[in-house]
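Peer 1: Below you'll find the structure I mean.
The values are calculated or read from the model by the stated rules, or taken from the named source; none is laboratory data. All of these numbers come straight from a predicted model, not from anything done at the bench. Cβ placement follows ideal geometry from the backbone for every residue including glycine, while neighbour counts extend to all protein chains displayed. To get the accessible areas, we keep the full protein, side chains included, count just its heavy atoms, and leave off ligands, DNA and RNA. Shrake-Rupley method; radii C 1.70, N 1.55, O 1.52, S 1.80 Å.
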Amino acid sequence: WLDVDAAGLARTALADAALSLLLPAVLAGHQDRYGALPGGEVAVVLLGKAGSREMMAGSDLDLMLIYTHPPGVAESTGRRSIPSSQWFIRAAHAYVAALTAPGMEGALYAVDMRLRPSGNKGPVAVSLAAFQRYHAQDAWTWERMALTRARVVAGGPAVCARVERAIAEALAAPRDAAQTRADAVAMRGRLSRDLPPSGPWDTKLRPGGGLVEFIAQTLQLVHGVRPGCQNTSAALQVLAGAGVLPEADVAMLIAANRLWRTVQSMVRITIGRGGAELPAPAAQALLRVAGAGLDLPALHASMDATAAQVRDAFIRHIGVPG
């Protein structure tokens, strides 16, 4: 079997390949239908677990599509000419439809585009200029936290380079450290209040369960982000190297993040997304990958102790969660 880190890398590599190979095929079909848009380019950006290369069984794709075109190109050429903004929006819909179309074994991937600028209220494809303007003027702290895991995975070299620079600039922009920490604390409080854990194995929503990513992302915003450091463990190591986090905290947080993802991944594989008690075969599978010599009570105790340590680190470095 693969451990959770190796499995995450393999799943993410597969998603990257599918996204990069599908984009030119979709755009070619779109061009046949709506004509060409001279100089127009699209970049596909992954966020969330796919952005950090930590995909698990059942992980969806948090996508953002960013486009650019020459200022003088107002519409496409061809028999069905349409305005450039509509050309890209329809191309984005076609791309998502190709990813989510049901096949013999279901859809290829589930897609979540709520992390794009303005969320569900914004267009499904956003221009590079609009992306830059939004993150310079209007983005919330949680959107910039999500951007720490943004990774450009498909598109032409020129547009990909421009989007990567725009993401780096958005993350490097000066911000109020105290306000950033306060926003992260408030957001965690809202999640705890509005989304209680579904059961004892819900490592994402249990107290202390989702705080590792909060710590890494908040401190990256407060202290600056090194480009290309989307992975949570790698980000924590960079923060340690910069003197932001003690080595002992980093080792504990990396181990906690790995434990949470191991449990969450095995629960998804064996019983789905529910948080119910595990049947014997599922429990045996989880114990085989969670640690030698553990039984379920010992694993629960280890999870409780880990959660307490993570919460203590969150309090010391970010603030008191609600």
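Peer 1: Quick one: Gly103 ticks every box in (1) surrounded by fewer than 17 Cβ atoms within 10 Å (Cβ to Cβ); (2) in contact with a strand residue (DSSP E or B) (Cβ under 8 Å, 6 or more places away or on another chain) except a single one, so which number is it?
Peer 2: Gly103 satisfies every listed condition except (2).
Peer 1: Also, I was wondering about something else. Just name the residue that is nearest to Met55 (Cα to Cα) out of those in the range 233-263 that are crowded, with 22+ Cβ neighbours inside 10 Å and of a type outside the set (A, V, I, L, M).
Peer 2: Residue satisfying both the conditions and the ranking: Arg261.
Peer 1: Identify all residues within the range 26-36 that are farther than 15 Å from Ala101 by Cα and either exposed (fewer than 15 other Cβ atoms within 10 Å of the Cβ) or of a type outside the set (Ser, Thr, Tyr) (or both); write none if there are none.
Peer 2: Those that are farther than 15 Å from Ala101 by Cα and either exposed (fewer than 15 other Cβ atoms within 10 Å of the Cβ) or of a type outside the set (Ser, Thr, Tyr) (or both): Leu27, Ala28, Gly29, His30, Gln31, Asp32, Arg33, Gly35, Ala36.
Peer 1: For the range 156-168, give me each residue that is out of contact with any helix residue (DSSP H, G or I) (no Cβ under 7 Å at 6 or more places or on another chain) and either more than 21 Å from Ile215 (Cα to Cα) or in contact (Cβ under 8 Å) with a residue 60 or more places away in the chain (or both).
Peer 2: Listed by number, the residues that qualify are Gly156, Pro157, Ala158, Val159, Cys160, Ala161, Glu164, Arg165.
Peer 1: Has the range 205-217 got any residue that is open to solvent by less than 10 Å² (accessible area, probe 1.4 Å) and at positive phi?
Peer 2: yes
Peer 1: Looking at the range 235-264 only, could you name the residues that are assigned to a helix (DSSP H, G or I) and over 18 Å from Val310 (Cβ atoms)?
Peer 2: Within the range 235-264, Val238, Gly241 qualify.
Peer 1: With the checklist (1) open to solvent by 20 Å² or more (accessible area, probe 1.4 Å); (2) hydroxyl-bearing (Ser, Thr, Tyr); (3) modelled with pLDDT of 95 or more in hand, flag the one item Thr12 doesn't pass.
Peer 2: (1)
Peer 1: If you go through the range 116-123 one residue at a time, do you hit one that is open to solvent by 20 Å² or more (accessible area, probe 1.4 Å), farther than 24 Å from Ile254 by Cα and in a helix (DSSP H, G or I)?
Peer 2: Checked against the condition, which is being open to solvent by 20 Å² or more (accessible area, probe 1.4 Å), farther than 24 Å from Ile254 by Cα and in a helix (DSSP H, G or I), the range 116-123 yields at least one hit.
Peer 1: Being polar (S, T, N, Q) and more than 22 Å from Ala43 (Cα to Cα) narrows it down to one of Gln179, Gln132, so name that one.
Peer 2: The match here is Gln179.
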